[in-house]
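Below is one structure, written out as structure tokens; comments come after it.
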Amino acid sequence: MRVLVIAALFALPVPLFGCGSSEPTEAEEDARLDEAYDRASDDVSSESYEDVGDTSLCTDDCSGHDAGFEWAKENGVTDPADCGGESQSFQEGCEAYGEAIDEEASAYGEEGEDE
């Protein structure tokens, strides 16, 4: 019986003080990044192209840019490289959304690094 008890004690996880790393694991980093992009998407979801984009790129109005921006919003674009389309203004609007998400997520990511 004593052998079992002693063996069971050695099987218990023992924290090693001073040997751990303060660096986040890959899973923790992925979770923090996902949260930053979720928060950024929430923030940018109430914005329009005119709020975040370069309106000097618009010709008569910004309807093409607005369409690309709204399409990106509806399709969850987070990377400007994921944008395409036949119209340059549509693509620029889509890219503006992806860039806004990237900027917001980066700001949230930098906040998390201070913790």
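We did not get these values from a lab; they are worked out from the coordinates using the rules stated. Predicted model, so just to flag it, every value in this text is computed and none were measured. Cβ: placed from backbone, ideal geometry, glycine included. Neighbour counts: every protein chain shown.
How far apart, in nm, are two points set 7 Å out from the Cα along the Cα-to-Cβ line at THR25 and at ALA81?
Distance between label points: 2.8 nm.
Would you mind working out the magnitude of the charge dipole of the stretch 60-115 relative to its Cα centre, with +1 at each Lys and Arg C-beta and -1 at each Asp and Glu C-beta, to the nearest 20 Debye?
Once rounded to the nearest 20, the dipole reads 340 debye.
Could you tell me what a quarter of the Cα convex hull surface of the stretch 60-115 works out to, in nm² with one decimal place?
For the stretch 60-115, the mean projected area of the Cα convex hull comes to 4.2 nm².
For the charge dipole of the stretch 60-115, defined by +1 on Lys and Arg C-beta atoms and -1 on Asp and Glu C-beta atoms about the Cα centroid, which residue among GLY76, ALA105, SER63 has the Cα displaced farthest towards the positive pole?
Result: SER63.
Show me 54-63, 22-31 ranked by packing, highest mean number of other Cβ atoms within 10 Å first.
Top of the packing list down: 54-63, 22-31.
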